[in-house]
């Protein structure tokens with residue numbers, strides 16, 4: 001198994017704490033495997049089999065659990081004494097009003113509760129209100145570049161990156177050897193997201209239109225888009241779709257962690273902007289499976305990789321605006337912020353005859369505060385500093401070098 005130390009250590013830190021551990025993330029990102037690793041850790045720590053109650057609601061073995069009451073009764077009947085029990089419920093969102101069972105189990109003093117879900121509705125306003133102050137969320141993503149490297153130690157950075165963005169970073173992909181096998185697996189994951197999750201939950205009748213919007217969003221990662229823009233473009237291409245439908249589809253994709261939305265932030269005005277956003281896909285392998293290799297989009301693919309890494313490192317990430325210029329990412333956390341520009345290369349000039357280096361520096365130089373500013377590039381260059389702006393090879397940054 002690939003070590004997912006960030007998530008594993010978080011679970012260990014909160015073991016036996018009076019909080020529900022809620023593990024979220026897209027299909028195939030490793031939630032179930034993380035729980036298996038954690039259960040092994042519990043057994044190694046002296047926990048006995050009868051103290052662990054584990055339910056995977058995707059397993060037909062548990063098909064008799066149809067509502068929150070039967071879920072609660074099944075678990076409650078196994079709590080025989082005052083020993084500490086560890087309860088794991090996988091894909092809990094499959095049970096309507098599951099939060100009622102979760103809340104009732106939580107108030108038992110000898111229960112340590114772990115639940116997973118592949119949809120943001122797991123922490124909808126209703127659940128968040130009911131369990132306010134009673135849970136922590138462990139936000140799982142597919143493998144980071146550093147985790148991926150632990151599997152393919154013999155590949156150099158360029159070879160590793162090519163595989164990372166083509167085959168994708170879902171953990172199971174690392175067990176597959178051929179591109180055909182990877183495509184078969186990603187096809188099943190894609191259909192799980194589109195059909196089992198988004199179509200079913202949102203009650204969407206038109207699978208073809210839904211997949212068209214998904215393809216449009218993936219084809220435009222890193223571009224400023226709006227629901228109006230998507231609807232108008234698709235209508236011109238002969239697909240009759242309205243703004244509200246596009247909005248509903250995108251909402252379904254972000255709720256399923258298939259897409260992530262980055263809104264815009266005015267750096268000088270210190271305010272969030274309501275217009276224009278960018279979308280990034282949770283796994284580039286799925287994008288490659290659907291679209292194939294897109295010529296000339298290497299910069300946006302790299303941008304997607306950096307965006308997800310910033311999310312992994314605990315930042316809230318926005319698209320920056322400073323005067324008339326764009327900063328790729330404004331990443332904020334409790335300790336402050338960093339400004340990040342991403343460039344596939346810093347060599348040469350752009351279409352306006354401005355050197356790419358000057359273009360990337362220009363936006364960051366317009367920011368007057370003293371927070372960290374960094375340019376990440378796939379160029380093989382040594383770490384340097386230009387007027388307080390750090391310039392670093394993106395692979396070194398991804399690998400924490």
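The values are calculated or read from the model by the stated rules, or taken from the named source; none is laboratory data. Keep in mind that this is a model prediction, so the values were computed, not measured. Virtual Cβ from ideal backbone geometry, glycine too; neighbours counted across all protein chains shown.
Some values worked out for this structure:
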read-out: Leading residue by the ranking (modelled with the highest pLDDT) among those in the stretch 269-288 that are surrounded by fewer than 22 Cβ atoms within 10 Å (Cβ to Cβ) and out of contact with any strand residue (DSSP E or B) (no Cβ under 6 Å at 6 or more places or on another chain); value: 271
read-out: Candidate set from the stretch 106-126 (those that are outside any loop (DSSP other than H, G, I, E, B) and closer than 30 Å to residue 81 by Cβ); member that is modelled with the lowest pLDDT; value: 117
read-out: Test for residue 319: is it out of contact with any helix residue (DSSP H, G or I) (no Cβ under 6 Å at 6 or more places or on another chain), outside any loop (DSSP other than H, G, I, E, B) and within 19 Å of residue 263 (Cβ to Cβ); value: yes
read-out: Residue list for the stretch 191-202, filter: surrounded by fewer than 17 Cβ atoms within 10 Å (Cβ to Cβ) and modelled with pLDDT under 90; value: 195, 196, 200, 201, 202
read-out: Residue list for the stretch 351-381, restricted to those being in a loop (DSSP other than H, G, I, E, B) and in contact with a helix residue (DSSP H, G or I) (Cβ under 6 Å, 6 or more places away or on another chain); value: 378
read-out: Matching residues, the stretch 280-304, being in contact with a helix residue (DSSP H, G or I) (Cβ under 7 Å, 6 or more places away or on another chain) and closer than 26 Å to residue 366 by Cβ; value: 280, 302, 304
read-out: Qualifying position, being farther than 20 Å from residue 91 by Cα, free of Cβ contacts under 8 Å to residues at least 40 places away in the same chain and either surrounded by 14 or more Cβ atoms within 10 Å (Cβ to Cβ) or under 28 Å from the mean Cα position of the chain (by Cα) (or both), among 68, 72, 41, 62; value: 41
read-out: Qualifying residues in the stretch 337-350 (those that are part of a strand (DSSP E or B) and at pLDDT 90 or above) - the one farthest from residue 300 (Cα to Cα); value: 337
read-out: Residue match in the stretch 77-85 (condition: buried (at least 19 other Cβ atoms within 10 Å of the Cβ) and more than 22 Å from the chain's Cα centre (by Cα)); value: yes
read-out: Leading residue by the ranking (farthest from residue 160 (Cα to Cα)) among those in the stretch 383-401 that are assigned to a strand (DSSP E or B) and without any contact (Cβ under 8 Å) to a residue 24 or more places away in the chain; value: 385
read-out: Qualifying residue in the stretch 223-231 (condition: part of a helix (DSSP H, G or I) and out of contact with any helix residue (DSSP H, G or I) (no Cβ under 8 Å at 6 or more places or on another chain)); value: yes
read-out: Total residues in the stretch 19-66, condition in a loop (DSSP other than H, G, I, E, B) and either under 19 Å from residue 5 (Cβ atoms) or in the same structural domain as residue 175 (by TED's automatic domain parsing) (or both); value: 4
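A quick yes/no check of all residues on (1) modelled with pLDDT of 95 or more; (2) part of a helix (DSSP H, G or I); (3) buried (at least 21 other Cβ atoms within 10 Å of the Cβ); (4) in contact with a helix residue (DSSP H, G or I) (Cβ under 8 Å, 6 or more places away or on another chain):
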| site | (1), (2), (3), (4) |
| --- | --- |
| 137 | no, no, no, yes |
| 153 | no, no, no, no |
| 164 | yes, yes, yes, yes |
| 181 | yes, yes, no, no |
| 185 | yes, yes, no, yes |
